[in-house]
Amino acid sequence: MMIIRKGLSVKRFIAFCGLIILMFNESMAGAFYDTYHNFKELSLNQLKDVDYKVETNVTDSPVIVIAIHGGNIEKGTTELAYALSSQNNYNYYSYIGLKSKDNLTLHVASDKFDEPTALEMVSKAATTLSIHGCAGSEEFTYIGGLDTELADKIKESLTNYAFTVLDAPDNLAGRLPNNIANKNMNGRGIQIEISAGLREKLLSDDNERLKSYLFAISEAVNSIQ
């Protein structure tokens, strides 16, 4: 039987248990298939510019868009991150999988991702938009991260532009403080999970749909800058 220590309220105890469960769920989400525990370990076993590469563009914007599972890891995320950053002159970072197969071996979970350039760039930004790809043939987006004010604005804006936004499951919610999205100057960022179906649609020949998606996010982000 678990005993609640004297002085610890039931509400605080429940909140504490909820945090532990959340940390477990988010950490274990990548643990089942990640080959490496962090980028440092990965870099000792994979070749830069052969198996992976890092792509950046530095601007004077307080906003950074990152795709830490780019290239062939979560396809389409590099392209979408680059398009969003270019449209707004935001800072841009992407870690890009180059393998012809088995790119999931290059996946490092967001709370373990410690590639030095990414950490440096994010630490200098006030706002982080971390672009990810999730499974699903339907067209939808999950919005997570600790910047709940901006998250709500992005959700509202995407919905206004006729995009489907769903509540993110715990393992994709980006709420851990050590998630790279939350390692900016303010300690809170945004994690955007885009379904495979929507990524395929956005990167197809339907240019107007892509423009609407980028504009919806840009409108929300620029409203608070």
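Seen through its C-alpha gyration tensor, with square-root eigenvalues sorted a ≥ b ≥ c, the range 113-225 comes out prolate because a/c lies at 1.5 or above while a/b is bigger than b/c.
The 3J(HN,Hα) values that the Karplus relation (6.51, -1.76, 1.60; θ = phi - 60°) gives for the range 127-135 are, in residue order, 10, 10, 10, 9, 8, 10, x, 10, 6 Hz. Gly and Pro appear as x.
Within the range 106-161, which GluC sites (Glu not before Pro) sit in a loop by DSSP and count at most 11 neighbouring Cβ atoms inside 10 Å? Listed in order of number, the matching sites are E138.
Near G133, the amide H atoms lying under 5 Å from its own belong to I194; only residues 5 or more places off or on other chains count, and H is placed 1.01 Å from N. When Rg and Dmax are taken over the Cα atoms of the range 158-200, they come to 12.4, 33 Å. Note that the range 48-64 has calculated 3J(HN,Hα) couplings of 5, 6, 10, 8, 8, 8, 10, 10, 9, 8, 9, 10, 9, 6, x, 10, 10 Hz, one per residue in order, obtained from phi through the Karplus relation 6.51 cos²θ - 1.76 cosθ + 1.60 (θ = phi - 60°); glycine and proline are x. Taking only the C-alpha atoms of the range 182-225, Rg followed by Dmax gives 13.2, 38 Å. Short-range pairs are left out: with C-alpha atoms under 8 Å and at least six residues apart, the relative contact order of the chain is 22 percent. If you wrap the Cα atoms of the range 91-161 in a convex hull and average its projected area over all directions, you get 6.6 nm². About the centre of its Cα atoms, the chain shows a dipole size close to 820 debye [charges on the beta carbon of Lys, Arg (+1) and Asp, Glu (-1) only; nearest 20 debye]. For H69, the residues whose modelled amide H falls within less than 5 Å of its own, excluding neighbours fewer than 5 places apart on the same chain, are Y95. Residues whose amide H lies under 5 Å from that of T59, counting only those 5 or more places away or on a different chain, are N91, Y92; hydrogens are built 1.01 Å from N in the peptide plane.
Each other residue within a Cβ distance under 9 Å of A181 adds +1 if Lys or Arg and -1 if Asp or Glu, for a net charge of +1. With one equal scatterer per alpha carbon and no solvent term, the Debye-computed log10 I(q)/I(0) for the range 10-222 at 0.08, 0.09 1/Å reads -0.25, -0.32.
Looking at the range 10-222, send over the antiparallel percent of its DSSP beta bridges, to the nearest 5. Write down the numbers at each step before the final one.
On the way: 10 of 29 bridges.
Beta bridges within the range 10-222, antiparallel portion: roughly 35 percent.
Throughout, read-outs are computed from the coordinates displayed, never taken from laboratory work. Given the structure is predicted, the values throughout are model-derived calculations rather than measurements. So basically every Cβ, Gly included, is an ideal-geometry build from the backbone, and we count neighbours across all protein chains shown.
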